[in-house]
Amino acid sequence: MDAHAFVSRRVATPDGIRPAAIIVRDKVRDGVRDGKISAIVAADQVPAVAEVHEFGDAVILPGLVDSHLHINDPGRAEWEGFETATRAAAAGGYTTLVDMPLNCLPPTATVAALAAKRQAAAGRCWVDWLAWGGVVSDNQSEIEALAAAGVPGFKCFLIHPGIDGFTMVTEAELRAALSHVARTRLPLLVHAELPGPIDEATRRLQSNDEDANWRHYSTYLQSRPEEAELAAIRLLLSLCREYKFRLHIVHLSASSALAALCAARAEGLAVSVETCPHYLHFCAEEIQDGATLCKCAPPIRSRENRERLWQGLKDGIIDLVATDHSPCPPAMKRLEEGSFKTAWGGIASLSLALPLMWTEARQRGFTLTDLTRWMAEAPARLAGCSAHKGRIAEGYDADFVVFEPEAEFIVTEDRLYYRYPVSPYLGKKLRGLVKATYLRGQVVFGDGQFSGEARGREVHC
Ligand SMILES: [Zn+2]
């Protein structure tokens, strides 16, 4: 049995940031090293047998958990893939990824598709992973079987997802699925935009020709009004009341929905909320004509809206921050044409989310403990793995990030690590550097280099 001590003056424990040593005794169980934290002790209480890894003033944060990203594998691995996504994750301080059931082919909406996903991931992951199941127009009979097969929850769309192979659900189809979902006691993650207000806005734009310049970000923004999110959230909250399922709103952009979500919480409904780094960093006023790298759905809205989302995090109405990392081959961003109508909607950010969030959060008076809550603890809870992931505490997996919060760097292509070095953040100066990432007690990324082999595995809750 090996014993290791990871020592720093700033360890992010559940009781706050303090000097400590994380002790990892590497037991081998069934031929696999378990890599769990056996104790957190004072720096001067490290057992003499332990090999000491001293990090000085660098902060040790729990390995981050990304509960929303698109790995696109199998089926569209030329867009991303398990190897590239999990390497980008390790470089960005993430140690657990929860893959969305779409953009991959087959979509993860059947037990057979989940088996195909497991086969595609085997031996190719640098961090641990899970896969959400899909709720689509016609798979009601697969929902409980998917839960039994090990998905931590489900995802559905109330609007066309912008890609073939994964169908949206109408209200009637959603109702047909909800009693099954409720029986699993797993969360249903919903892309909350309704088509009605978007169709209407798009018609208005088309009837008024000179306004419909799709190189202007404002045209795209007008085509996806807040009302689409608001109406979807109102519908979902009433269904939540009726069917008593666990509702999770993914990538909230419209801050005007926060009041309804806050009231739903107060009423006792089981609803949680996420937003993404791009809604917390960019604002519509600063997006240039043709800058389709910033296209996503729902859209990035006004500066004022952005600050209200930060307030939502502060008030605890927004529980977590997930990346919604959704890359595509660069040509699909239509950078030459610059049309917000035809460009792929999705922003790639996996390897930058931590410094990006730290840069923004710190300016607004938030701490690394807040970041830990939003980007590790709460997403682990959503994905049902909060007994093993998302905290630096005894009995947890020894997943952690060595982070230098005072260091600064400029985003360059060589720091992205995912399949295509495409990013709206290139050239930005960010604060906070990931020095090393440990998965179950072993280094996977350190000082810009990957280390060891692809030891990531599926998390079973
Ligand atoms: Zn997504």
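The values are calculated or read from the model by the stated rules, or taken from the named source; none is laboratory data. Note that the structure is predicted; figures quoted are calculated from it, not measured. Positions of Cβ are generated from backbone atoms using ideal geometry, with glycine treated the same way; all protein chains shown enter the neighbour counts. Note: areas computed on protein heavy atoms with side chains; ligands, DNA, RNA excluded. Shrake-Rupley method; radii C 1.70, N 1.55, O 1.52, S 1.80 Å.
In the set (1) of a type outside the set (Lys, Arg); (2) surrounded by fewer than 24 Cβ atoms within 10 Å (Cβ to Cβ); (3) within 30 Å of Pro330 (Cβ to Cβ), Glu377 fails one condition alone, (3). With respect to Arg33, determine if the residue is farther than 27 Å from Thr367 by Cβ and within 29 Å of the chain's Cα centre (by Cα). Here the answer is yes, as Arg33 does meet what is asked.
Filtered by the rule that a residue be without any contact (Cβ under 8 Å) to a residue 60 or more places away in the chain and either among the acidic types (Asp, Glu) or more than 13 Å from Val41 (Cβ to Cβ) (or both), the stretch 11-24 gives a lone residue, Asp15.
For the stretch 294-338, what are the residues that are of a type in the set (A, V, I, L, M, F, W, C) and within 16 Å of the ligand (Cβ to nearest atom)? Cys294, Cys296, Ala297, Ile300, Leu320, Val321, Ala322, Cys328, Met332 - these are the residues of the stretch 294-338 that are of a type in the set (A, V, I, L, M, F, W, C) and within 16 Å of the ligand (Cβ to nearest atom). Figure legend. Inter-residue proximity from the stretch 52-80: first residues touching a residue at least 12 places away in the same chain (Cβ under 8 Å), second residues basic (Lys, Arg), beta-carbon distance below 6 Å, spacing 6+ or different chains. Indicated pairs: Asp57/Arg9; Ala58/Lys435; Val59/Arg10; Pro62/Arg391; Val65/Lys389; Glu80/Arg419.
Say we look at the stretch 57-105 and pick out the residues that are assigned to a strand (DSSP E or B) and within 12 Å of the ligand (Cβ to nearest atom); which of these is nearest to His460 (Cα to Cα)? Reasoning before the result, please.
Keep residues of the stretch 57-105 that are assigned to a strand (DSSP E or B), which gives 59-62, 64-69, 94-99.
The next check asks that each one be within 12 Å of the ligand (Cβ to nearest atom); those that pass are 66-69, 98-99.
Numbers: Asp66: 16, Ser67: 15, His68: 17, Leu69: 19, Val98: 12, Asp99: 14 Å.
Ranking the qualifying residues of the stretch 57-105, first place goes to Val98.
Annotation: Thr367 fulfils all but one of (1) within 16 Å of the ligand (Cβ to nearest atom); (2) more than 16 Å from the chain's Cα centre (by Cα); (3) among the polar types (S, T, N, Q); the unmet one is (1).
Which ones in the stretch 328-345 are on the phi > 0 side of the Ramachandran plot and open to solvent by less than 20 Å² (accessible area, probe 1.4 Å)? First the steps, then the outcome.
Filtering the stretch 328-345 down to residues on the phi > 0 side of the Ramachandran plot leaves 334, 338.
Within the stretch 328-345, Gly338 is the sole residue that qualifies.
Only one entry in Val7, Val46, Val28, Val11 is buried (at least 16 other Cβ atoms within 10 Å of the Cβ), more than 16 Å from the ligand (Cβ to nearest atom) and over 30 Å from the mean Cα position of the chain (by Cα), namely Val46. Only one of the numbered conditions (1) over 18 Å from Pro421 (Cα atoms); (2) out of contact with any helix residue (DSSP H, G or I) (no Cβ under 7 Å at 6 or more places or on another chain) is violated by Pro74, and that is (2).
For the stretch 327-365, a residue qualifies if it is assigned to a loop (DSSP other than H, G, I, E, B) and small (Gly, Ala, Ser), and the qualifying residues are Gly338, Ser339, Ala343, Gly345, Gly346, Ala348, Ser349, Ser351, Gly365.
Kindly indicate which of Val135, Val127 is touching a Leu at 6+ places or on another chain (Cβ under 8 Å), more than 14 Å from the ligand (Cβ to nearest atom) and closer than 25 Å to Met168 by Cβ.
Working: Val127 fails: closer than 25 Å to Met168 by Cβ.
Just a single option satisfies the conditions, and that option is Val135.
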